[in-house]
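Undergrad: To start, I am sharing the structure in question, which I have written as structure tokens.
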Amino acid sequence: MNDRHIVKSYDRDLEAIQALIMKMGGLVEAAILEAAQSLENRDEELAERVRANDRAVDDLELRVNEEAARLLALRQPSAGDLRTVLSVMKIGANLERIGDYAKNMAKRTGVLVQMSPIEGSAGAIRRMAMAVQGMLKDALDAYIQRDGELAQDVRLRDMEVDQMYNALFREFLTFMMEDPRNITACMHLHFIAKNIERMGDHVTSIAEQVIYLVTGELPEDERPKADRTAIDAPKV
């Protein structure tokens, strides 16, 4: 009877930590979309709200780590449950970084609204952000469902985000070469696009943690990447 009580108590603790992760994930998904929306609509108030809301994501990560550390110290989980706890901590760290990138996007929005818009750029960035948000939603669903195939699909979709980033990078170069007055705005837009590309990398890391959770092993093949900006950038 006492053993069953301990097991039920442990399961409740583990479920509580996973609930924190899902709450974190929901906040981060919203931050991605709202950061892109604030840029497209030139909405400084929404951008400021994205920045302010990042504190809640940081606080949740701290709670996840504290609860996970307590669980490790007090419960001495079995191998399978240990994987779950370690994966939760790594997923939380990736979500926190994605939230930081959304906050950085919002910061640059405040600067860009003071400049003339670059035609088509905000819409393209919104589409890229939506692709990453969709990946994140599926990665979190894969985690809850312990669906390794869905996690692998998310992992492969990161290449699409890289391709979108490469296309934007080339467009910004063209705008800058055609009119030097576009340079400052395009540099800010480039950093925003790069932030989204990095979000995709962190979502991919979450998907890999799901694969590890399901199979006990991280993917052995190299993560597919299509970021060629270091190759395509003009030499100066």
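Undergrad: Let me cross-check R70: its accessible surface, 1.4 Å probe, with only protein heavy atoms counted, in Å² to the nearest 10?
TA: So the heavy atoms of R70 present about 90 Å² to solvent.
Undergrad: Using 7 Å Cα-to-Cβ label points, what is the K23/L74 separation (nm, one decimal)?
TA: 1.7 nm
Undergrad: When the distances between all Cα atoms of region 85-165 are binned every 5 Å from zero, what whole-number percent does each bin get?
TA: 3, 12, 17, 23, 18, 12, 7, 5, 2, 0
Undergrad: Also, quick follow-up: If R₀ is 25 angstrom, what is the calculated FRET efficiency for the pair M130 and A167, using the beta carbon separation as r and rounding to 0.05?
TA: With R0 = 25 Å, the Cβ-Cβ based efficiency is 0.95.
Undergrad: Let me ask something else. Would you mind calculating the gained length between L33 and M187 on full extension (0.36 nm times residue separation, minus the Cα-Cα distance), in nm to one decimal?
TA: Additional length available on full extension: 53.3 nm.
Undergrad: Determine how large the accessible area of V214 is when every protein chain is in place; take a 1.4 Å probe and give Å² rounded to the nearest 10.
TA: 60 Å²
Undergrad: Okay, moving on. Take the alpha carbon atoms of region 134-180, find their center, do the same for region 41-115, and report the distance between the two centers in whole angstrom.
TA: So the separation of the two Cα centres works out to 19 Å.
Undergrad: Another question about this same structure. Under 14 Å from a point placed 7 Å out from the Cα of S116 along the Cα-to-Cβ direction: which residues of region 172-190 have their backbone N that close?
TA: 175-186, by backbone N distance to the label point.
Undergrad: List the extent of the Cα atoms of region 18-87 along each of their three principal axes, largest first, rounded to whole Å.
TA: Answer, in whole Å and largest first: 51, 18, 13 Å.
Undergrad: Going by average Cβ neighbours within 10 Å, how do the peptides 74-86, 126-138 rank, with the highest at the top?
TA: With the highest mean Cβ count within 10 Å placed first, the list reads 126-138, 74-86.
Undergrad: If you count only protein heavy atoms and use a 1.4 Å probe, how large is the accessible surface of E48, to the nearest 10 Å²?
TA: Looks like 100 Å² after rounding.
Undergrad: Can you give the Rg/Rh ratio of region 158-222, where Rg is from the C-alpha atoms and Rh is the Kirkwood radius?
TA: Taking Rh as the inverse mean 1/r over Cα pairs, Rg/Rh reads 1.22.
Undergrad: Something else now. Across 10 Å bins from 0, what is the distribution of all Cα-Cα pair distances for the chain, in whole percents?
TA: Using 10 Å bins, I get a P(r) of 8, 30, 30, 19, 9, 3, 1, 0 for the chain.
The values are calculated or read from the model by the stated rules, or taken from the named source; none is laboratory data. Note that the coordinates shown come from a computational prediction; the quantities given were computed from them, not determined experimentally. Virtual Cβ from ideal backbone geometry, glycine too; neighbours counted across all protein chains shown. Note: areas computed on protein heavy atoms with side chains; ligands, DNA, RNA excluded. Shrake-Rupley method; radii C 1.70, N 1.55, O 1.52, S 1.80 Å.
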